[in-house]
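The values are calculated or read from the model by the stated rules, or taken from the named source; none is laboratory data. Worth saying up front: this structure is predicted, and the values here are computed from it rather than measured. Cβ atoms come from the backbone with ideal geometry, glycine included; neighbour counts cover every protein chain shown. SASA here: full protein model, heavy atoms, side chains in, ligands and nucleic acids out. Shrake-Rupley method; radii C 1.70, N 1.55, O 1.52, S 1.80 Å.
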Amino acid sequence: MRSLRTTLRTTLRTGLPLGALLTGVATIGALLLTAPAAHAAETPLRDLAAAKGKVIGTAVTGSKLTGTYGDIAGSEFNALTPGNAMKWGSVEPTRGSFNWAEADQIVDFAEAHGQQVRGHTLVWHSQNPSWLTNGSWTSAELSQLMNDHIALEVGRYKGRLATWDVVNEAFNEDGTYRQTLWYNGLGADYIAQALTAARAADPSAKLYINDYNVEGVNAKSTALYNLVKSLKERGVPIDGVGLQAHLILGQVPSTMQQNIQRFADLGVDVAITELDIRMQLPSDSAKLTQQAADYKAVMNACLAVSRCVGATVWGFTDSDSWVPSTFPGQGAATPYDENYAPKPAYHAIAESLGGGTTTPPPTDACTAAYSVTSQWNTGFTGQVRIACSGAALSSWKASWTFGAGQQLTQAWNASCTQSGATVTCSNASYNGTVPDGGSVTFGFNGSWSGSNPVPAVTLG
Ligand code: XIL
């Protein structure tokens, strides 16, 4: 990839025949769309996390663990959580008849890639088999069902899973217990029972209680805090608290680090277990920049507390996220886009883990202006001027979408590719720096017919 790009850049600057150039442009455009190349030269997140002794995980779907999805899941993350495969409804859809295929596949994949597995989840009100939810059970029967389920599932993976989300989403927003099959049948003590059963089935797994909207200090997280405190006091086995962190753009709670710290001070670990940050679609560069800042804020809140073991994203690509189907009109919540290209959020995670990449500065301090400098029958020459005031750039990328079928034929002082109507130009090796108060200009030739409207250029 790198050498192809360098070749193209050199070729463009030496001004070789257009036919050769166009072939190069088309080929590279296609490669850019399909390969997760943009991060290939960077240190994988899992290596950065390992150097800090932290977890960087992702939820996965077993059937997708091949090709690019499998490559990224295996190379960038040091922990996996089955997104659905270990839920009761997945493993025992009919009473007494089990389906472990996807769960086994994910555990095998993780072991082959030197990754931890976070088991998810044993006792929950959702995604239970209908035979369980539709049955009418005495307390004794319910207790037996729960304990047997835990013994069987935790026992199956004994010694192989690092962690279990034993109890999921036990609380309402106001801090009262959620009225579930388990709470209604067994009272709040179902939580202690479940933890005790899990410890018996695999003494080496770290046992967690997991919930959402408990990232900051609020009524729900305080109820969870009080529960964990009392479990610890009673000697009930509990090792950690999972903060799901299904967050909304621009809404990382300001008390997140303080909240993580108060749990840590109880003598338990904390993990960010299901991180995603959703936005109203369509995404744009301002939203993606905000999202990167949000991801970084979450990572930093965790990394500031030694007992915060790390973070797991709830799907690493926008093409495998639960958000669009759950929150209509929202999406783009993960660190990779739908074509597996790393987004600013990816770089923000890398940076929080000590990676060398820098998040691009806010682009509003730097602007890009497109102009047509000359035009003839079927051709034109254009330029883009990137100017900064109030910020500086150490590298840049300018992109636009032609509105009338224009086609780039040649570029100089930038490395440009065109895919469909979309042109993306990155700085040449010698002009990546745009100082505060300075500018850089690159130029190009193109063909047009009918009309040659000026497109809007996005910087970032
Ligand atoms: C979600 C899955 O990602 C979806 O595929 C499924 O349809 C519903 O559940 N909290 C949790 C996760 O603990 O198990 C949920 O996962 C998301 C919310």
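Some notes on this structure:
- Subset tally (residues that are buried (at least 24 other Cβ atoms within 10 Å of the Cβ) and either outside the structural domain of Gln115 (by TED's automatic domain parsing) or not aliphatic (A, V, I, L, M) (or both)) for the range 289-309: 4
- Test: residue in the range 121-138 that is touching a Leu at 6+ places or on another chain (Cβ under 9 Å), over 21 Å from Ala223 (Cα atoms), assigned to a helix (DSSP H, G or I) and assigned by TED's automatic domain parsing to the domain that holds Pro93: yes
- Restricting Gly216, Gly250, Gly267 to those that are in contact with a helix residue (DSSP H, G or I) (Cβ under 7 Å, 6 or more places away or on another chain), open to solvent by 10 Å² or more (accessible area, probe 1.4 Å) and touching a residue at least 40 places away in the same chain (Cβ under 8 Å) reduces the list to Gly250.
- Some residue of the range 142-157 being of a type outside the set (S, T, N, Q) and assigned to a strand (DSSP E or B): no
- Scanning the range 75-119 for residues that are under 24 Å from Ala311 (Cα atoms), assigned to a strand (DSSP E or B) and open to solvent by 10 Å² or more (accessible area, probe 1.4 Å) yields a total of 2.
- Failed criterion for Thr133 (all others in (1) within 28 Å of the chain's Cα centre (by Cα); (2) more than 27 Å from Ser319 (Cα to Cα) hold): (1)
- Each residue in the range 357-369 was checked for being within 13 Å of Ser394 (Cα to Cα), surrounded by fewer than 21 Cβ atoms within 10 Å (Cβ to Cβ) and either among the polar types (S, T, N, Q) or modelled with pLDDT of 70 or more (or both), and 4 pass.
- Complete set of residues in the range 127-137 that are more than 16 Å from the ligand (Cβ to nearest atom) and either touching a residue at least 40 places away in the same chain (Cβ under 8 Å) or at positive phi (or both): Leu132, Trp137
- Trp124 meets each of the listed conditions (1) within 16 Å of the ligand (Cβ to nearest atom); (2) open to solvent by 10 Å² or more (accessible area, probe 1.4 Å); (3) within 22 Å of Gly53 (Cα to Cα) apart from (3).
- Test result for Ala345, away from the ligand (no atom under 16 Å from the Cβ), aliphatic (A, V, I, L, M), in the same structural domain as Ala59 (by TED's automatic domain parsing) and out of contact with any Gly (no Cβ under 6 Å at 6 or more places or on another chain): yes
- Counting the residues of the range 174-209 that are touching a helix residue (DSSP H, G or I) at 6+ places or on another chain (Cβ under 8 Å), crowded, with 18+ Cβ neighbours inside 10 Å and more than 20 Å from Leu145 (Cα to Cα) gives 1.
- Criterion (under 22 Å from Thr273 (Cα atoms), part of a strand (DSSP E or B) and touching a residue at least 40 places away in the same chain (Cβ under 8 Å)) met by exactly one of Asp174, Asp165: Asp165
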